[in-house]
Amino acid sequence: MQNTKRATLILEDGTRFEGKSFGYEASTAGEVVFNTAMTGYPESLTDPSYEGQILVTTYPLLGNYGVPPKREKDDVSEYYESDHIHARAIIAQDYSFDHSHWQADRSLAQWLQEEKIPGIYGIDTRALTKHLREKGSMLGKIIVEGCDDVEFYDPNKENLVAKVSTDKVHEFGSGDKTVVLVDCGVKHNIIRCLVRRGVKVVLVPWDYDFNTIPYDGLFISNGPGNPDMAEKTVENIRKAMTTGKPICGICMGNQLLSKAAGAKTYKLKYGHRSHNQPVRKVGTDNCFVTSQNHGYAVDSTTLPQEWEPMFVNMNDGTNEGIRHKTKPYFSAQFHPEASSGPKDTEFIFDDFIKLL
Amino acid sequence: MATNVNSEIKKVLLLGSGALKIGEAGEFDYSGSQALKAMKEEGISTVLINPNIATVQTSDGFADKIYFLPVTPYFVEKVIAREKPDGILLAFGGQTALNCGVELYRSGVLEKYGVKVLGTPVQAIMDTEDRELFVKKLDEIDIKTIKSEAVSSVPDALEAANRLGFPVIVRAAYALGGLGSGFCDNEQELIALTEKALSFSPQVLVEKSLKGWKEVEYEVVRDRFDNCITVCNMENFDPLGIHTGESIVVAPSQTLTNEDYHYLRKLAIKIIRHIGIVGECNVQYAFDPQSMDYRVIEVNARLSRSSALASKATGYPLAFVAAKLGLGYGLFDLKNSVTKETSAFFEPALDYIVCKIPRWDLGKFHGVRREIGSSMKSVGEVMAIGRTFEEVIQKGLRMIGQGMHGFTGNKEIAVEDIDKALAEPTDKRIFVIASALEKGYSVDKIHELTKIDRWFLYRLQNIVTTSHLLQDFNSLEDLPADLLRLAKEQGFSDFQVARSIFKSEMKNNAEKYNLKVREYRKGLGIVPVVKQIDTLAAEYPAQTNYLYLTYNGSENDITYLHDHRSIVVLGSGAYRIGSSVEFDWCSVNALLTVKKEGWRSVMINYNPETVSTDYDMCDRLYFDELTFERVMDILDMETPHGVILSVGGQIPNNLATRLDERGVNILGTTAKSIDNAEDRNKFSAMLDRLGIDQPRWRELTSFEDINKFIDEVGFPVLVRPSYVLSGAAMNVCSNPDELERFLRLAANVSKQHPVVVSEFIQNAKEIEMDAVAQNGEIKVYAISEHIEYAGVHSGDATIQFPPQKLYVETMRRIKKVSSQIAKALNISGPFNIQFLAKNNDIKVIECNLRASRSFPFVSKVLKINFIDIATKVMLGIPVEKPHKNAFDLDYVGIKASQFSFSRLQGADPVLGVDMSSTGEVGCIGVDTSEALLKAMMSVGLRIPKKGILLSTGSAKQKADMLDAAHQLHNKGYRIYATTGTHQFLNDNGIPAVKVYWPSQADMQPQALQMLHDKEIDLVVNVPKNLTPTELGNGHKIRRAAIDLNIPLLTNARLASAFINAFCTLPLDDIEIKPWDEY
């Protein structure tokens, strides 16, 4: 039997789930969200969009293949989506204390300890997920046996985009064309996907006025939390729209572009976090299985005349992307860069590059 | 926004897969049934060709027209000419249907009759089936395949192998489940295997072996709009080198990273698009455990065993969806049939793990090789669902039903050389790993020998570690609750816990300690929870009734009403020799009647190849164990009105007494009566009391007693040991030598292990009585006769119904005796009695108070559903006897057995008292000959065109076959005969070519050579006595016939009947008539 400390998840409505600690032994708090993906915990944990959140994996087994080494390739993480874990904690039914994979250089538990992130197993994550589905995403805290209690923490009250964004301008790759990539919490695979297509990427902070620098196309990244907090980015996008240069956005980028266009966003009851969200391209028979991770969505009915929905979620009909009817502006709520998840929509990058 | 589908399709022909055989089993009943359901929903009329009469798909209400005919181009063309269907579905009947469809396409039959192939185009099928085309096709899109060379001769194979370098793998093209394939380490092995493979297929492939790579599969779906999804991926526990049908398989994959998973997924979609599948296919990969290098092993452009497993593993009805896509729908038009709200265009997210484990029955065969490899030998499989790997593997190992309690806590298996047994796996491999871990082998060492990924081994080691922790305690009271809970989370049964704690005390009263653990843990609140399979990992609400139990959870997904309105039907478990699709038919029909009568129908079963585990078939499906413990867990939650355990074969039947003791309401015949019929002593005493005759028998514990008894009854005798060392459980011994040999080699006689010896009556007819009684009175019955004399297991025998050659007096006596037994046991429900008849004397061999294997056969021939009636009886509904005319048929049904000896290398294809067939067909004809011909051709026999080899056993058997030999001669067949038979034929004026036995090596011509030269296209080899020998002449001839794919008959009576049928009835005179027109 593993010698583990008890750890309790307490939700803001008072519901408690008893589990065991396998990560860093400290208490923590955040917004509790679930993800139904069956693979990809290193990618998810380092995804900046999970900033401030406690990640519940519905797939019961966790840690099977360990964690790949932390190293950089071409100035970005080789295997991760950022340089550190953003989630506040991870919760699973069953943790695999032994792992096996040729790429792994340590276990998930070791990594969590290094990064001071709690992990709990032995919790009925299906019951927890059903609870979150019925009551909506809610705040929660994890109290590890022998550690101090902590207060509930609501990440959505903070400007998480500002928190995770870069504070300096970085350049990646090379090419004749230059793409400004606004870092609202960018996943490294977005950088990799753009660089692989032979463009120079200039990564700028979320509130940086990129209208002052020369570029051929604008790309708004994914990012955590409430899009209403990133008003500065929205203003900059609005300014960029006057130039007519191509604009593309992913996830938070979709929401910010929508806001710049004049539409409204709202918080979903429990969000979309999975690898299997079906999306249909509006007006076509083309459907895509997409990777998603968002708690807020664009209200399609608030889109102005000159804009239209580009993709729609086939399960609940929510907006999955927008486009301008005449100008080269479009965005996707899902993650064409995947990582983790299916790679079926990577063509979004090709479509964007073609416009430059 | 529904798509315009092809509205010209009004009538569709679906090809079934025929009899169950190794590599092609019940999964195609499931996929075919789903396709028929999809067509029905569209208002399309359906025609089904499938001689497998025991299937659910060939039941009333599934297809509009059902033909019990062979799925061969000849018969299918005849049906097409008669029915004029608009479309044909080829993907739902396994390789049999696919091959037949390709032939019909190539010969222009489909075009001639204007039949449109629905779904995947035939060209795409051919691109995946022909290895050379396949490699070329994938080369076009830079997808790596296993480097292989197609050859059509042995020398070419040698050349190719030397070029590629040994070890190589040899495969036959167009073959089912790896038939005729295998690994070769050297030239000798290559020659032997290539020769065999070439007899099945004109083309043989020699490939570089990638032994030790991971094997991963994806189930991919594509619609005509090019939308693709992968419904499921699966990872083999056993690395490449072991056929996927022989592997333990988990879903989803466990050792692939996100990058690995999606890399292979993307390739799978690229492949399906390029090939142009419309519907479903599976892509199998070899995946390097040390890099992201891969090879595509194969693509199956049809529903498969894996797709059935994937459907059950995910809740995504692949066959149903594939059928709809074949009609032209887009995935976006269809709904997720579990949530009923979300789209069918999605990929299921699992929040559990499933584990498939194959079930082998190699112990049933004489001389078979136990090694598992690239060719499939397993006869069935189970699927376990849980929330840890430990839980599912332990559940699964109990489900396979071979006396194992899980991964640990089993009777220790004898392994001479563990290293060798790990490196050269047999059907016992998983238990060899358990032994190795017990003996302190490290994970690394086991990995080195087996190449099984360390992750799985670590997890197995966890189980062993926990069992050691349990063993440190000697009483339940001392056992920490946390440890007990951990054990249950890791899938330990109460029995395993009890055995660890109570150790040797367990021997005396296992049941007592078992129940003690159960009560103790329930007292601690350690009980399983019930979870739903909802395809979306709880993301959306689902009204799903697809359930499993786990200890890894704290909350039930179901709220129970406790209204006592449920009827729980216990299913049949893994398909095995002696119990297969027929009990699934019984289970499904019981569920349908339960529902029809206004009760909530609840199923417990764990076999992914069945229709009864389709969640559409009942109100609640528990995909879980049929152990006493688990059934009680479910009954505790479900609190049903009662339980039906007489429709799922022996597994549920065996639970009767224990469930009864716990106060469970067993519907129908009481547990006490069941015990009175099952217990040999009690049953025998009852027969004596009733004055009913039975073969003399005695339970004996020493050689002296056995000999004394034989002095009384004489040879031959039937010997049934209670403890089997090796080989089959039963044998007929004709003389003292055989008896001695059998008892010394195969069985162990002692006070602890008595042997039952019965008088064996030669040349007796065997007769079956299938019936349903209510309160001891027979309501419906069917008497059928075996074509073979007694001595061939009833599951292997060819059965004729209604009987054509029984005396009226015999029939009358059988009815009378059956009524007496029904009354004495106060039967309420289905039952079966087997009789021996000689002249007009009848003796009872055995009686089972449950549905028998032949229930679907007699129900369908008679057109009276015995299970429907039996279920009503068990529900307490008064049942009327059908009118006497209903039993008066002007046609004949023949049930014939399907053997899979070709897959079982080395096994002697001779029939005996132990069952060895893997499936059966049932065909209807105007007389015995017509029905027999249809049936025999359905199980793979072909009408010979050239020569027939006769070696017809003893003098009596030779005489029995004389008429048949005359018929062959008159028909102009060339007869070859071995020495004795040749002499006999000569003496009787029948010319024959004398051929020599393998033991007469210096004489010419050799029988074996004639077989190799394809001079002979039917072999009749009747063994002289009933004792199989592994090395004899007969064995060699029989084995050669099997390996060279030449039809073989080993029973004189059946051979005579078959020869008479094809000599008197021309093929063209066979009537093509659907079931409902008889």
Taking only the alpha-carbon atoms of the range B:900-977, the convex hull volume per residue, in cubic angstrom, is 150
Whole-percent carbon and sulfur contribution to the accessible surface of the range B:679-803 (1.4 Å, no ligands, DNA or RNA) stands at 45
For the pair A:ILE213 and B:GLU777, the simple spin-label estimate (label points 7 Å beyond Cα toward Cβ) gives in nm 9.5
Restricted to the protein assembly as shown, the DSSP antiparallel beta bridge percent, nearest 5, is 65
Taking only the alpha-carbon positions of the range A:55-157 as identical scatterers, the Debye log10 I(q)/I(0) at q = 0.18, 0.19 Å⁻¹ comes out as -1.02, -1.11
Once B:ASP705 and B:LYS1014 are pulled to full extension, the length gained, defined as 0.36 nm per residue separation minus their Cα-Cα distance, is 106.1 nm
FRET efficiency for A:LYS168 and A:GLU78 from the Cβ-Cβ distance with R0 = 25 Å, rounded to 0.05, comes out at 0.75
Rounded to the nearest 0.05, FRET efficiency between B:GLU661 and B:ASP616 (Cβ-Cβ, R0 30 Å) equals 0.30
The range B:195-237 scanned against label point 7 Å out from B:GLN290 along Cα→C-beta; backbone N under 18 Å for B:209-215
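Over chain B, what is the relative contact order in percent, taking alpha-carbon pairs closer than 8 angstrom and at least six residues apart?
10
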Note: the range B:785-828 at 37 °C, 0.692 mPa s; Kirkwood Rh on alpha carbon pairs; Stokes-Einstein D in µm²/s works out to 271
Here the alpha-carbon Rg of chain A over 2.2 N^0.38 Å rounds to 0.97
Expressed in angstrom and rounded, the centroid-to-centroid distance over alpha carbons for the range B:980-1021 and the range A:114-165 is 81
Computed Rg/Rh for the range B:439-481 (Cα atoms; Rh = Kirkwood radius) stands at 1.16
Distance in Å, no decimals, from the C-alpha centre of the range B:8-82 to the one of the range B:385-416 is 37
The answer for trypsin sites (Lys or Arg not before Pro) in the range A:275-343 that fall in a DSSP coil and have at most 14 neighbouring Cβ atoms within 10 Å is A:LYS325
Under the helix-only model (-39500 (n - 2.57) for each DSSP H run of 4 or more, divided by the residues of chain A), the mean residue ellipticity at 222 nm, to 500 deg cm²/dmol, is -5000 deg cm²/dmol
Pseudo-spin-label distance B:ALA423 to B:LYS266, built 7 Å along Cα→Cβ, given in nm, is 4.0
Taking N as the number of residues in the range B:122-258, the ratio of its alpha carbon radius of gyration to 2.2 N^0.38 Å works out to 1.14
For chain A, longest principal axis from Cα atoms; helix A:125-135 axis from its Cα atoms; angle between them, nearest 10 degrees, is 50
In whole µm²/s, the translational diffusion coefficient that Stokes-Einstein assigns to the range B:565-685, given a Kirkwood hydrodynamic radius over C-alpha pairs, 10 °C and 1.306 mPa s, equals 111
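Pull up the DSSP beta bridges for the range A:200-356 and report the antiparallel fraction as a percent, rounded to 5.
Restricted to the range A:200-356, the bridges split so that about 75 percent are antiparallel.
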Burial-style ranking of B:341-352, B:20-31, B:879-890, B:479-490, average other-beta-carbon count within 10 Å with highest first, yields B:20-31, B:341-352, B:479-490, B:879-890
Given B:399-410, B:957-968, B:680-691, the highest-first ranking by average Cβ count within 10 Å works out to B:399-410, B:957-968, B:680-691
Descending accessible area (1.4 Å probe), largest on the left, turns B:MET617, B:MET1003 into B:MET1003, B:MET617
Phi-derived 3J(HN,Hα) across the range A:100-115 with the Karplus relation (6.51, -1.76, 1.60, θ = phi - 60°), rounded Hz, x for Gly and Pro, is 8, 6, 5, 7, 5, 10, 6, 8, 4, 4, 4, 4, 4, 5, 4, 9
Mean per-residue count of partner chain Cβ within 10 Å for A:318-329 equals 0
Computed over the Cα atoms of the protein assembly as shown, the Rg and Dmax in Å are 33.4, 112
Note to self: Kirkwood Rh of the range B:809-850, Cα pairs, one decimal, Å, is 10.6
From highest to lowest solvent-accessible area (probe 1.4 Å; ligands, DNA and RNA excluded), B:LYS838, B:LYS40, B:LYS934 read B:LYS40, B:LYS838, B:LYS934
Note on the range A:201-356: C-alpha Rg/Rh, Kirkwood Rh, two decimals, gives 0.93
The FRET efficiency for A:LYS177 and A:ARG106, from their Cβ-Cβ distance with R0 = 30 Å and rounded to 0.05, is 0.15
Extend 7 Å from the Cα of A:LYS116 along its Cα-to-C-beta direction; within the range A:51-84, residues with backbone N under 18 Å of that point are A:51-54, A:83-84
Taking every residue of B:343-355, the Cβ atoms of other protein chains inside 10 Å of its Cβ average out to 6
B:LEU483 and A:LYS135 label points (each 7 Å along its Cα→Cβ direction) are spaced in nm at 3.6
Sorted largest first, the C-alpha extents of the range A:241-304 along its principal axes in whole angstrom are 36, 28, 19
Residue-normalised 222 nm signal for chain B, counting each DSSP H run of n ≥ 4 as -39,500 (n - 2.57), nearest 500 deg cm²/dmol, is -10500 deg cm²/dmol
Over all directions, the range B:961-1028 yields a Cα convex hull whose mean projected area in nm² is 5.2
Output for the range B:822-920 (equivalent-ellipsoid semi-axes, sqrt of 5λ from the C-alpha gyration tensor, Å, descending) is 30, 18, 16
Within the range B:53-146, DSSP-loop GluC sites (Glu not before Pro) with at most 16 other C-beta atoms within 10 Å are B:GLU140
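If N is the number of residues in the range B:262-387, what value comes out of its Cα radius of gyration divided by 2.2 N^0.38 Å?
1.26
How crowded by other chains is A:32-39, given as the mean number of beta carbons from other chains within 10 Å of each beta carbon?
Working: counts 0, 0, 4, 3, 8, 4, 15, 11.
Mean partner shielding for this stretch: 6.
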The convex hull of the Cα atoms of the range B:147-219, divided by residue count, gives a volume in Å³ per residue of 87
Once Lys and Arg are counted +1 and Asp and Glu -1 for all other residues with Cβ under 9 Å from that of B:ASP1017, the total becomes +3
Largest first and rounded to whole Å, the semi-axes √(5λ) derived from the alpha carbon gyration tensor of the range B:599-649 read 16, 13, 11
Note to self: Kirkwood Rh of the range B:760-906, Cα pairs, one decimal, Å, is 15.8
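Note down the Stokes-Einstein diffusion coefficient of the range B:218-320 in µm²/s, whole number, using a Kirkwood radius over alpha carbon pairs, 10 °C, and 1.306 mPa s.
Once the numbers are plugged in, D ends up at 115 µm²/s.
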Taking max minus min of the Cα coordinates of the range A:44-93 on each principal axis, largest first, gives extents in Å of 36, 25, 11
Cα-only Rg/Rh for the range B:957-1078 with Kirkwood Rh rounds to 1.02
So B:VAL993 and B:THR1064, fully extended at 0.36 nm per residue minus their Cα-Cα distance, gain in nm 23.2 nm
Mean Cβ-within-10 Å packing, highest first, puts peptides B:796-806, B:434-444 in the order B:796-806, B:434-444
Across all Cα atoms of chain B, Rg and the largest Cα-Cα distance (Dmax), in Å, are 28.2, 84
Chains A and B: accessible area buried, summed over both chains, 1.4 Å probe, nearest 100 Å², reads 5000
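The values are calculated or read from the model by the stated rules, or taken from the named source; none is laboratory data. This structure is a prediction, so every number in the text was calculated from the model and none was measured. For neighbour counting, all protein chains shown are included, and Cβ atoms are generated from backbone atoms with ideal geometry for every residue, glycine included. Surface areas here come from the heavy atoms of the whole protein model, side chains and all, with no ligands, DNA or RNA. Shrake-Rupley method; radii C 1.70, N 1.55, O 1.52, S 1.80 Å.
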